[in-house]
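Okay, so here's the structure we're looking at.
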Amino acid sequence: MTQFPKAFIFDLDGVITDTAELHYEAWKKLADQLGITIDREFNEQLKGISRMESLELILAQDPKLKDMSQDDKERYATQKNNHYKDLLKTINPTDILPGIKDLLEAIKNNNIKIGLGSASKNAPAVLEQLELTNYFDYLVDAGKVSKGKPDPETFTTAAEGLEVAFEDCVGIEDATAGIEALNKANMFSVGVGSKDQLSEADYIVDSTTGLNFDKIVKRYGEWKQ
Ligand code: BG6
Ligand code: MG
């Protein structure tokens, strides 16, 4: 008999929509201004972690910036966020990544709960802009947790809000830190992206078009046994 999960918990940036790219663009502009070069490979480390942690990793690239005051750090983080929010103004439902809407529909049709587990303070606004808020039974963003990914708290808080046991949850992530968080929470981890970055995931697909409900449920059932 097929074992169905009781909840799906989605990461937002890079899974539901390509905001991971907009975060990168905004960080790159700030890094350029500070005389630091970052590339896409470096950016992989920034995926899934908080705004201030990302800034710290960027500043660590230049020893001269090591002693920057907290006030200056806050100022730069705000500047990045303002630029990011400008970039967000352009997004709309056509920016939902391929396969995501079908997956959300399939989950709903099977009466399975849906949660969000995002490290972004902008997450609720992004879901609104994509007109997806109604699909979600419970949202966790950076404001609801004290420890970000790779700590499992983002996902365990979502499961608690959904009133589902951790091992009955499937989590979908594009970041190494997110897969680590899901695994620590004892949830079935689905990675979207490159095998190099996501090798620890229980199941990996190349892109969101590979996120097929029946296939995920099958793999989940095998994992659960
Ligand atoms: C995560 C992104 O979802 O949110 C990170 O993967 C981002 O790249 C983090 O830094 C924090 O986002 P925000 O919107 O609160 O600055
Ligand atoms: Mg992500």
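The values are calculated or read from the model by the stated rules, or taken from the named source; none is laboratory data. The model shown is predicted, which means the values in this text are computed figures rather than measured ones. A quick note on method: Cβ atoms are made from the backbone with ideal geometry, for glycine too, and the neighbour counts reach across all protein chains shown. We work out accessible area using only protein heavy atoms, side chains counted, and drop any ligands, DNA or RNA first. Shrake-Rupley method; radii C 1.70, N 1.55, O 1.52, S 1.80 Å.
With protein chains left intact and a 1.4 Å probe, residues in the stretch 61-140 average 55 Å² of accessible area per residue. Relative to the first principal axis of the alpha-carbon coordinates of the chain, what is the inclination of helix 213-224, with its axis defined by its Cα atoms, in degrees from 0 to 90 and to the nearest 10? Approximately 80 degrees, to the nearest 10. Once both axes come from the Cα atoms, what is the angle between helix 100-109 and the longest principal axis of the chain, in degrees from 0 to 90, rounded to 10? Roughly 40 degrees, rounded to the nearest 10. Largest accessible area first, the listed residues 157, 176, 2 line up as 2, 176, 157 when surface is computed with a 1.4 Å probe on the assembled protein chains.
In degrees between 0 and 90, to the nearest 10, how far off the longest principal axis of the chain does helix 153-162 point, with axes built from Cα atoms? Once rounded, the angle reads 40 degrees. Pairs from the table (147/218; 64/89; 29/89; 47/73; 64/144; 113/218) lying more than 29 angstrom apart at Cα are 147/218; 64/89; 64/144. Only helices enter this figure: runs of n ≥ 4 DSSP H residues, each worth -39500 (n - 2.57), summed and divided by the residues of the chain, yield -12500 deg cm²/dmol at 222 nm to the nearest 500.
With protein chains left intact and a 1.4 Å probe, residues in the stretch 160-214 average 41 Å² of accessible area per residue.
With the highest mean first, a sort of the peptides 78-86, 8-16 on other beta-carbon atoms found within 10 angstrom per residue produces 8-16, 78-86. Remark: relative contact order (the chain) = 27 percent; criterion is Cα-Cα distance under 8 angstrom and separation of 6 or more residues. What a 1.4 Å probe finds exposed on the stretch 49-151 is 47% carbon and sulfur by accessible area, rounded to a whole percent.
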